Every structure is written in structure tokens, then in C-alpha cells.
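Trainee: Before we start, here is the structure in question, set down as C-alpha cells.
Quick note: the coordinates plus some simple rules give every number you see, no bench work behind them. Just so it is clear, the structure is predicted and the values come from calculations on it, not from any experiment. Ideal geometry is used to build each Cβ from the backbone, glycine not excepted, and the neighbour counts take in all protein chains shown.
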Amino acid sequence: MERIYLDNAATSFPKAPGTADAMFRFLTENGCNVNRSSYETAALAEDVVLDTRHLLCRLFHFPLPSHVIFTPGVTFSLNTILRGLLRPGGHCIVSGFEHNAVMRPLTSLGVSWSVAKLNPDGHFDNPESLFRPNTQLVVMTHASNVFGNVLPISEIAPLCRKNDVPLVLDCAQTAGHISLDWKKLDVDALCFPGHKGLLGPQGTGGMLLSPALAKELPPLIEGGTGSVSDRLETPDFMPDKFEAGTPNIPGLWGLHAAAEFLLQTGVDSIAAYESSLTQELIEGLAEIPGISVLKAPGMGQVGVVSVVFHRLDMAQAAWQLEQEFGIQTRCGIHCAPLAHQTMGTAPAGTVRFSVGYATTRKEINTALLAVKAIA
Ligand code: PLP
């Protein structure tokens with residue numbers, strides 16, 4: 001049975017052409033550390049890592065390569081920012097669609113939060129009323145990892161400026177899937193995974209930081225940076241301030257190849273293709289009796305679609321889709337209990353279908369027939 005991978009929201013597959021080769025080449029022909037030595041292969045390892053920062057600047061229209069910080073992924077990026085900025089007794093504003101990569105740190109940090117609700121027409125409902133004197137941060141997912149709805153960030157960014165509160169955007173489900181422009185988004189931090197829409201390997205990702213936030217934020221971890229090694233203090237210059245320890249160099253070589261592929265292909269053309277597949281999927285699912293397709297409010301939709309089966313447990317449905325048709329999805333709560341609360345799909349959750357650049361129309365049609373057969 002052919003494998004049909006519809007779990008790209010968890011991590012993308014296949015990765016971009018050239019990604020695995022670049023990692024193999026690094027591990028077999030180079031293998032050096034970066035920022036520690038100046039011999040030829042070490043310099044080459046370092047050049048590729050540096051160039052990856054430049055490629056990401058082009059992808060995100062971000063002006064400062066030194067402020068592209070590499071981390072193991074969005075969870076690490078968000079933890080660095082939340083743990084660095086928030087103090088017990090503080091207050092945050094979040095959306096009703098946050099991932100636990102936001103909600104768990106907020107809970108353990110002992111801060112309170114207000115949820116910025118969306119009206120059925122996709123606009124925030126009076127978000128200005130949520131700002132308080134102790135509001136320390138606004139942190140929001142750009143698109144829900146459960147329902148795929150894109151949040152109207154442009155309605156919140158000016159309020160953050162006006163109230164002098166930093167805005168942190170979780171782009172786990174939008175980076176590489178839709179075009180992102182740092183200047184237009186007007187955020188203070190943009191957290192991105194390397195392993196989802198950017199089509200790179202797991203264990204890569206990062207964050208773009210504004211100079212003001214980079215200055216204010218302390219590092220989450222400290223250690224060797226290969227720079228100012230004679231000092232006991234962590235350097236305060238970028239990107240070293242936030243990149244202690246040996247980075248994931250094979251992963252970054254892979255991410256470099258993936259970013260080159262994205263720039264050559266064009267995120268806009270990937271977005272148009274994924275959007276047409278997603279529309280086909282949603283329209284096809286909507287005609288199938290025995291299921292409901294969940295449509296959450298927002299300004300646009302990425303290729304993530306959630307379905308509730310009326311007569312089947314969600315795990316049973318996902319299991320049958322795989323066993324009988326080779327269709328790989330994700331079921332349950334998707335690490336986002338708040339999103340399910342918001343949409344009334346807790347505690348059973350949903351079955352989530354998520355498309356990628358390599359998904360074909362034939363695969364969508366097979367998935368629709370399979371859902372019809374089991375529903
Ligand atoms: N935020 C959202 C919306 C996500 O979908 C995910 C991953 O599923 C994360 C954060 C965590 O990302 P990472 O796996 O890169 O740590």
C-alpha cells in the first residue's frame with residue numbers, strides 16, 4: 001500500500017530536495033565545529049551556517065543576519081523569550097488557539113493571561129480592552145496548528161506599539177507556507193521551525209529578534225560561544241548571546257539547502273498550490289455525511305484541516321485511515337487544548353489532515369474516498 005503523508009503540520013515530509021545530501025556531505029566530508037577554529041573545513045562549515053542566516057533574511061525580509069538566532073525549534077525559541085521576559089504576577093495576551101509551547105511556560109511561570117477572542121467574521125473582538133498596566137507581552141500563534149486559521153495579527157501589532165508591549169509571533173504553521181514579511185508583520189520576535197514549512201530537518205529552527213528585544217532579553221542557556229573565550233561572562237553581542245554550545249551543524253547545512261529550494265521555488269507559489277489543495281480537501285470533506293469539518297474564524301487558511309467523525313472515536317478513525325488506506329494523519333488534541341476549548345472539540349479532539357508542497361491531487365482524492373468509506 002502506498003504511503004500518503006498528510007501530517008505536514010507535525011513535520012514536513014518529504015524534505016526539500018538537496019536537504020539530506022547536504023547533511024550527508026557535511027557529516028562525511030566536513031564534520032567540523034563552527035566559531036572555534038580557522039582551518040579550511042571549519043571555515044567552510046561556518047560559511048554555510050552564516051549563509052543560512054542570510055537566506056532566512058531573504059525569506060522573511062528581515063534586515064539583520066546577526067539577529068537570526070538558531071535554536072532546536074519553536075518550543076526552544078518561545079521558552080527563551082517567555083522565560084526571559086515574564087515574571088510572576090505579570091499578564092499576557094494570547095489567542096484562543098495557542099499551542100502548549102506557549103501555554104505550558106505561561107502556566108509554570110505563574111503569569112495570568114487574557115484570551116483575545118475572534119469574532120465570526122475573523123476580526124479580533126475589541127483587543128485593546130485586554131491591555132492592563134501589568135501586561136508584559138502579547139504572544140500569538142500566526143495560524144492554528146489544529147484548524148489552520150490565520151490570525152489577523154495586523155489588528156494587534158499597532159496596539160502593542162501603542163501600549164509599549166512586545167509582540168511575539170509563533171510562525172510554526174506559517175513559515176514556508178505563506179509569505180512572511182518582517183516589516184509588514186511589525187512584531188518584536190518571530191519564532192520559526194526549520195522542520196515544518198521550511199522543509200529542513202528536525203532539530204532546526206530559530207527566532208528573529210528586533211534589536212530592542214535582543215538587548216532586553218537574557219539568554220536562556222549560557223556556555224561556550226567560541227568568542228571572547230577569555231571572559232567568564234556571556235557575550236552581549238549577536239548572535240552569540242543566544243547561541244551558546246555547539247549548534248546543530250548538520251541540521252543547519254540541511255536547512256541551508258531547504259532555504260535555497262524555497263527561495264528558488266518561491267513561497268508564494270507553494271502557498272498558491274497548498275491553498276488550492278486545501279480548498280479541494282475542505283470542499284470534498286464538506287460533502288461527506290457522518291463527519292463535520294471545523295472552520296475557525298481568521299484571515300485566511302493554511303493547509304491544516306480538522307474533522308470530527310460522528311460515529312467513530314478519533315483515534316479509531318485515524319488508525320483505520322492508516323491501516324486500510326495508508327493515510328497518515330494526527331488525531332486527538334495536537335498539543336493545543338486551548339484551541340479545542342475555543343472550538344468546542346475538547347476532550348475528544350479531531351482528526352487533522354495537513355498538506356505540504358509535495359502532496360498531490362490524487363492523494364487528496366484518495367483521502368476523500370477513504371474518509372467517506374470509514375465515516
Ligand atoms: N507552535 C505551534 C503552533 C506548533 O504547531 C508547534 C509544533 O507542532 C510548535 C509551536 C512547536 O514547534 P517545534 O516542534 O519546532 O518545537
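Trainee: Kindly provide the helix-only [θ] at 222 nm of the chain, computed as the sum of -39,500 (n - 2.57) over DSSP H runs of four or more divided by all residues, to the nearest 500 deg cm²/dmol?
Mentor: Values: 12 runs with 137 residues, N = 375.
Mean residue ellipticity, 222 nm, calculated: -11000 deg cm²/dmol.
Trainee: Starting from region 222-301, pick out the GluC sites (Glu not before Pro) whose DSSP state is loop and whose Cβ has at most 16 other Cβ atoms within 10 Å.
Mentor: Values: sites: Glu222, Glu233, Glu243, Glu260, Glu274, Glu280, Glu283, Glu287; in loops: Glu222, Glu233, Glu243, Glu287.
Within region 222-301, the qualifying GluC sites (Glu not before Pro) (loop, at most 16 other Cβ atoms within 10 Å) are Glu222, Glu233, Glu287.
Trainee: Also, quick follow-up: Scanning the chain for trypsin sites (Lys or Arg not before Pro) in DSSP loops with at most 13 other Cβ atoms within 10 Å, what's the longest stretch left with none?
Mentor: Details: sites that count: Arg3, Arg231, Arg311.
The reported range is 4-230.
Trainee: Fewest Cβ neighbours within 10 Å first, please rank Cys32, Cys92, Cys331 accordingly.
Mentor: Values: Cys32 16, Cys92 25, Cys331 21.
Result, fewest neighbours first: Cys32, Cys331, Cys92.
Trainee: Could you work out the relative contact order of the chain, using alpha carbon pairs under 8 angstrom and six or more residues apart, expressed as a whole percent? The partial results should precede the final answer.
Mentor: Details: 757 pairs, mean separation 93.1, N = 375.
Taking the mean separation of contacting Cα pairs over the length of the chain, I get 25 percent.
Trainee: Once phi is turned into ³J(HN,Hα) by the Karplus curve 6.51 cos²θ - 1.76 cosθ + 1.60 with θ = phi - 60°, what whole-Hz value does each residue of region 173-184 show in order, with x for glycine and proline?
Mentor: Computed from phi, the couplings for region 173-184 are 9, 10, 4, x, 9, 9, 5, 10, 10, 3, 5, 6 Hz.
Trainee: Compute the signed sum of charges (Lys and Arg +1, Asp and Glu -1) over the other residues within less than 10 Å, Cβ to Cβ, of Leu217. Don't skip to the end; give the middle numbers.
Mentor: Details: positive: Arg83, Lys215, Lys241; negative: Asp188, Glu216.
Result for the neighbourhood of Leu217: +1.
Trainee: Now, a different point. Just need the relative contact order of region 109-214 here, percent rounded to a whole number, with Cα pairs under 8 Å and 6+ apart.
Mentor: 19 percent
Trainee: Which ³J(HN,Hα) values in Hz, rounded to whole numbers, follow from the phi angles of region 115-130 under the Karplus curve 6.51 cos²θ - 1.76 cosθ + 1.60, where θ = phi - 60° and Gly and Pro get x?
Mentor: The phi angles translate into 9, 7, 7, 9, 6, x, 7, x, 9, 5, 8, 6, x, 4, 5, 8 Hz.
Trainee: Please order Val34, Val351 by the number of other Cβ within 10 Å, starting at the fewest. Walk me through the numbers on the way to the answer.
Mentor: Working: Val34 20, Val351 24.
Neighbour counts put them in this order, fewest first: Val34, Val351.
Trainee: Then there is this: Under the Karplus relation 6.51 cos²θ - 1.76 cosθ + 1.60, θ = phi - 60°, what is the ordered set of whole-Hz ³J(HN,Hα) values for region 353-359, x standing for Gly and Pro?
Mentor: Those phi angles translate into 10, 9, 8, x, 4, 9, 5 Hz.
Trainee: Using a 10 Å cut-off around each Cβ, can you sort Leu209, Leu217 from fewest to most neighbouring Cβ atoms? Intermediate values should be presented prior to the final figure.
Mentor: Numbers: Leu209 31, Leu217 22.
Arranged by neighbour count, lowest to highest, Leu209, Leu217 become Leu217, Leu209.
Trainee: Once amide H atoms are built 1.01 Å from N in the peptide plane, which residues 5 or more positions from Gly300, or in another chain, come under 5 Å H to H?
Mentor: Result for Gly300 returns Val150.
Trainee: Can you list the residues, at least 5 places off or on another chain, whose amide H is less than 5 Å from the amide H of Gly90, using H built in the peptide plane?
Mentor: Result for Gly90 returns Ser112.
Trainee: Could you give the longest part of the chain that holds none of the chymotrypsin sites (Phe, Trp or Tyr not before Pro) found in DSSP loops with at most 12 neighbouring Cβ atoms within 10 Å? Before the final figure, lay out each step's value.
Mentor: Details: sites that count: Tyr39, Phe237.
Looking at the chain, 40-236 is the longest stretch - no exposed chymotrypsin sites (Phe, Trp or Tyr not before Pro) with at most 12 other Cβ atoms within 10 Å.
Trainee: Between helix 267-286 and the chain, what is the angle of the helix's C-alpha long axis to the longest principal axis, kept within 0 to 90° and rounded to the nearest 10?
Mentor: 30 degrees
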